[in-house]
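Derivation of every value follows stated rules applied to the coordinates shown; laboratory data play no part. Every value quoted in this text rests on a predicted model; they were computed, and no experiment measured them. Quick reminder, even Gly has a Cβ in these numbers, built from the backbone with ideal geometry, and neighbours come from all protein chains shown.
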Amino acid sequence: MMNSSDQKQLNNDDEVSLKDFILKIQRVWHYLLKKWKPILIVSLIGGSIGITYSILKKPIYKAMLSFAVENDKGGGSLSLASQFGLDIGGGSSGGAFSGDNLIELMHSRFIIEKALLTTVTINGKKETLAELYISFNKFRDDWNLNPKLKNIQYLPNADRSKFTLVQDSVLGGISGAILGKNLTVEKTDKKLSIINVNVESKNELFSKYFAEVLAKDVSDFYIETKTKKTAESVGILQRQTDSVRRILNESISGLATSIDVAPNLNPTRQILRVPSQKRQIDVSVNNAILSELVKNLEAAKISLRQETPLIQVIDSPILPLEKIRFGKLKGLVIGVVLGGFLSSIVILAINFFKKVMADE
C-alpha cells in the first residue's frame, strides 16, 4: 500500500509537471509576442485572401419545397368489393413506399436521373436539367479535351434505353454529385407526414426546377405504385363490362329481329316461338351479368379513389430564391485567424529546428 510520504511525493510531482507546462506555455506566448510583426503581416494577408474569396465566390441559391402525404383508406368500399369476391389489394395500409421509405425513394438514382432528363424551358430554349447542370458547372470545358466525353449530350425527349455506357456513367456521376452536395430531403417532425425538399446550387433556375420536378416525379411514381393493383382491377372490370354490354345490345337487337320475322304467330305452331324465346333468355342472362359487373366496377372505382394517396404541395420555391453568400466579414475573420495560426506554427517550428541544430 502507498503510505502518506509516497502520496505527498506523487502530488508534488504532479504540481511540478503542471507548473512546468504552464511555464512552457508562457514562454511560447512571450516568444510569439516578440514575433508579432510577421504574424500580423501574415494575418492581414490571410484576411485579404478571405475577403477576396468571399467576393469571387458565387452565391448558392436555395430552393425549398414542402409537401404532405395523406393516405386515407376507409373500409367501406373494401367491404363492398369483398361482397362480390373481388380482391382489389386494399388489405394493407402500408406498402413499399410508406413512411420514411418515401424519403429514400427521393434519394434513389432512378428518380434523380428521371428528374435530370426532364425537359424545361430556359430563356425560350428547351433543354434538360442535366444539360443545365453541365452548363453552369462548366463541365464541357474539360470534356472538350476528352474524345469520349466531347460529344455527350442529354437532349430533350431522348430515348433513355439507347444511352451509351459513357452517357449512363456520366449521368450516374451527376446524380451522385447532386445527392451528395445539392439535395436534402427530410421530415420536419417524425410524427408528421410533411417532407421538406431543399435544393442548393449555383444556378437559381436549376434549384427551382429540380425541386419541383423531383417532387412531381416522386408523387407520380408513388401514386402509380400504390394504386397499381387496384387500377388493373378497374381496367379488367371496365373491359368486361363493356364486352357484356355489347353482347346485351346484340341480344336485344336479335330479339327484336326474331319478333319482326314472325309478327303474327299461329298459336298452333309453337316451334316458331323458339328463336325469340332463346333471344329473350340471352337478354335476361346478359342483363343479370351486366348488373353484377356494374356493381363490382363501381366498388372498385370507389376503392381506387380511396387508395389514391393525397400528395399536397404546401410551399413551393418562388423566384427570387434565397441566396447563401460567403460574407466578407466571415472571410476576413477566418482569413485572419488562419493566417495568425499558421504563421505561429511556422515560427515555432523554425525556432524548434534552430535549437535542434544548435544542440547537434
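Take the residue pairs Lys208/Lys323; Lys35/Lys354; Lys187/Lys216 and return only those whose Cα atoms are more than 20 Å apart. The answer is none of them.
Between Leu165 and Ile289, residue separation times 0.36 nm minus the direct Cα-Cα distance comes to 39.2 nm. If the segment from Ile281 to Phe353 were pulled out straight at 0.36 nm per residue, it would be longer than the present Cα-Cα gap by 14.8 nm.
Here region 282-341 is treated with +1 on each Lys and Arg Cβ and -1 on each Asp and Glu Cβ, and its dipole about the Cα centre works out to around 740 debye. Residues Arg279, Arg27 in ascending order of nearby Cβ atoms (within 10 Å, fewest first): Arg27, Arg279. Less than 13 Å from a label point 7 Å out along the Cα-to-Cβ axis of Lys58: which backbone N atoms in region 135-178 qualify, by residue? In region 135-178, the label zone of Lys58 (backbone N under 13 Å from the point 7 Å along Cα→Cβ) covers 135-141.
Full extension of the chain between Ser108 and Lys138 yields a length gain of 8.3 nm, computed as 0.36 nm times the residue separation minus the alpha carbon distance.
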